[in-house]
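In what follows, a single structure is set out as C-alpha cells and then discussed.
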Amino acid sequence: MTAQVDVRLLSDIQRYGAADVSACFSCGTCTATCPLVSEDATFPRRMIRYAQVGLRDKLLSSKELWTCYACGECSESCPTQAEPSEFMAAARRYAIASYDRTGLARLMYTRPIIGTLIAVILAAFFALFMYAAHGPQSTTSLDIFGFIPEALIHDLGIVVMAVVFLAGLAGVATMVRRLGTANAVTLRAVVGSRAALRRSAGALWSALGVESLGQRRYRADCDSDASLAPWYRRRWFLHASTMWGFLGLLAATIIDYGLALAGIKATGTPVPIWYPVRLLGTVSGLLLLYGVSMLIVQRYRGVERSVRHSTAADWTFLALVWITGVTGFAIELALYLPSAPAWGYWLFLFHVAVAMELVLLAPFMKFAHAVYRPVALFFLALAVHE
C-alpha cells in the first residue's frame with residue numbers, strides 16, 4: 001500500500017516546540033549515542049526522517065516514539081544542532097494531540113494564551129459551581145463538607161472522571177489501533193490462547209511494573225551518569241517521587257472514601273498522624289511536592305539538557321500539580337488548628353476546583369504520557385516476548 005505524504009507534517013510538529021530538524025542529514029550520530037536504542041531500533045533518526053518526508057501515519061504508529069526519555073545525549077552530539085531530543089518531545093505532544101478527538105490537546109499545546117485562559121476558566125467554573133451550593137461556615141471547627149457538600153463534590157468528581165475516562169479511552173483506542181496495524185498485532189495474538197495470555201502478561205508486567213513504575217531503563221540507561229547530581233536530585237528519582245506520590249494520594253483518597261462508605265470513618269474527620277490512611281496521604285503528598293518542586297526548579301534554571309525547552313502546557317501542568325499539593329497540606333493544617341480559620345473554607349474551595357481541573361485536563365496535557373507510554377512499552381515488550 002502506498003504511504004500518504006503530509007507535506008505540512010514537519011512544520012506542524014514545529015508548532016509543538018520542535019527545533020528545525022530540516023538541518024538533519026541522517027548521519028546517524030543521534031542513534032549511535034542514544035543509550036536507549038536497542039539493536040534493531042533506529043530512533044530518533046527514523047522519527048526525524050518520517051517528519052522530513054511527511055509520513056504522518058508512520059510517525060503516529062511508531063512505538064519507538066514513546067521509548068525516548070529525553071536523555072538529551074543525541075542533542076549534545078548532533079553535528080548540525082538539529083536538537084533531535086527536543087524534536088522527539090514535540091513529536092510526542094503532536095501524537096497526544098492527534099490521538100485526542102476533541103482538539104483540546106492541540107489548543108493547549110499550540111495556543112499558549114488560549115490554553116492558559118481555558119485553565120483559568122475551568123478553575124473558575126468549578127469554584128463558582130460548588131460555591132452556589134455552599135453552606136454556613138462553622139467557627140468552632142473547620143467543617144469543610146458543611147461548607148461545600150460532600151455529595152456535590154462526589155457527584156462532580158464522578159462526572160469529571162467519566163469525561164476523563166471516555167476521552168482517555170478514545171485516545172488509547174486510536175493509538176492501539178495504529179500500533180496494532182503497524183506491528184501486525186491482532187487481538188487473537190494478545191488474548192487468543194494460553195500462550196498468548198502468558199506472553200501478554202509478561203509484556204504487561206515489563207511495561208507497567210518494570211519500566212513505568214520501576215523506571216529501569218530510565219534509571220539505569222538514560223540517567224546513569226552519577227556525576228551529574230546526587231540521587232535525590234536525579235531526574236529518575238524526581239519523576240519517580242512525583243509518580244509514586246500521585247499514586248499514593250490516589251490510593252489514600254480511594255481508601256478514605258471506602259472507609260466512609262463502610263461507616264468506619266467520616267471523610268474529612270481529623271485523625272492522628274499515625275492513622276494508616278493519613279500517614280499514607282502525608283508521605284505521598286511530601287513525595288509529590290518534593291518531586292514537582294524540584295522539577296519546576298530544574299525547568300526554571302534550564303541547566304539540565306532535557307528541560308532547556310519548556311512549553312506553556314508543561315508549566316501549566318506542573319503549576320496545577322504543585323498548587324493542588326500545597327493547598328492540600330494547608331487544609332490539613334487548618335483542620336488541626338484549635339479554632340476554625342475562615343481562610344480554610346476558601347482554600348478548600350480553591351483546592352477542590354484546581355484538583356478537578358487537573359484531573360479533567362490530564363488526557364490533554366503532559367500527564368497523558370503516563371497512559372500512552374505504557375501502551376507503547378507493552379507493544380515493545382510484546383515483540384520481545386514472542
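Worth a mention:
- Restricting segment 258-274 to residues that are part of a helix (DSSP H, G or I) and out of contact with any helix residue (DSSP H, G or I) (no Cβ under 8 Å at 6 or more places or on another chain), the residue that is nearest to A370 (Cα to Cα) is G258.
- Some residue of segment 285-300 being among the aliphatic types (A, V, I, L, M) and in contact (Cβ under 8 Å) with a residue 60 or more places away in the chain: yes
- Taking the criterion of being outside any helix (DSSP H, G or I) and in contact (Cβ under 8 Å) with a residue 12 or more places away in the chain, the residues of segment 315-351 that qualify are Y336, L337, S339, A340, P341.
- Listed conditions (1) more than 18 Å from the chain's Cα centre (by Cα); (2) within 20 Å of S22 (Cβ to Cβ) are all met by E86, apart from (1).
- Filtered residue count, segment 251-268, keeping only those that are surrounded by 13 or more Cβ atoms within 10 Å (Cβ to Cβ) and not aromatic (F, W, Y): 10
- Among the residues examined, M161 does not qualify as at pLDDT 95 or above, under 30 Å from H351 (Cβ atoms) and under 29 Å from the mean Cα position of the chain (by Cα).
- Among (1) touching a residue at least 24 places away in the same chain (Cβ under 8 Å); (2) more than 19 Å from V321 (Cβ to Cβ), the one test that T242 misses: (2)
Results for (1) more than 19 Å from Y372 (Cα to Cα); (2) in contact (Cβ under 8 Å) with a residue 24 or more places away in the chain; (3) aromatic (F, W, Y); (4) touching a Cys at 6+ places or on another chain (Cβ under 9 Å), shown as yes or no for each residue.
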position: A19; (1), (2), (3), (4): yes, yes, no, no
position: F43; (1), (2), (3), (4): no, yes, yes, yes
position: T67; (1), (2), (3), (4): no, yes, no, no
position: F87; (1), (2), (3), (4): no, yes, yes, yes
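- In segment 357-369, the count of residues that are of a type in the set (D, E) and modelled with pLDDT of 90 or more is one or more.
Results for (1) closer than 30 Å to R106 by Cβ; (2) touching a residue at least 12 places away in the same chain (Cβ under 8 Å), shown as yes or no for each residue.
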| position | (1), (2) |
| --- | --- |
| A162 | yes, no |
| F165 | yes, no |
| V172 | yes, yes |
| V176 | yes, yes |
| T181 | yes, yes |
| G214 | no, no |
| C222 | yes, yes |
| P230 | no, no |
| F246 | yes, yes |
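- Set side by side, the residues V277, V297, V354 differ, and just one is surrounded by fewer than 16 Cβ atoms within 10 Å (Cβ to Cβ), modelled with pLDDT of 85 or more, in a helix (DSSP H, G or I) and among the aliphatic types (A, V, I, L, M), which is V297.
- Boolean, L318 is closer than 19 Å to M243 by Cβ and surrounded by fewer than 22 Cβ atoms within 10 Å (Cβ to Cβ): yes
The values are calculated or read from the model by the stated rules, or taken from the named source; none is laboratory data. Fair warning: this is a prediction, and the values are worked out from it, not measured in the lab. Cβ atoms come from the backbone with ideal geometry, glycine included; neighbour counts cover every protein chain shown.
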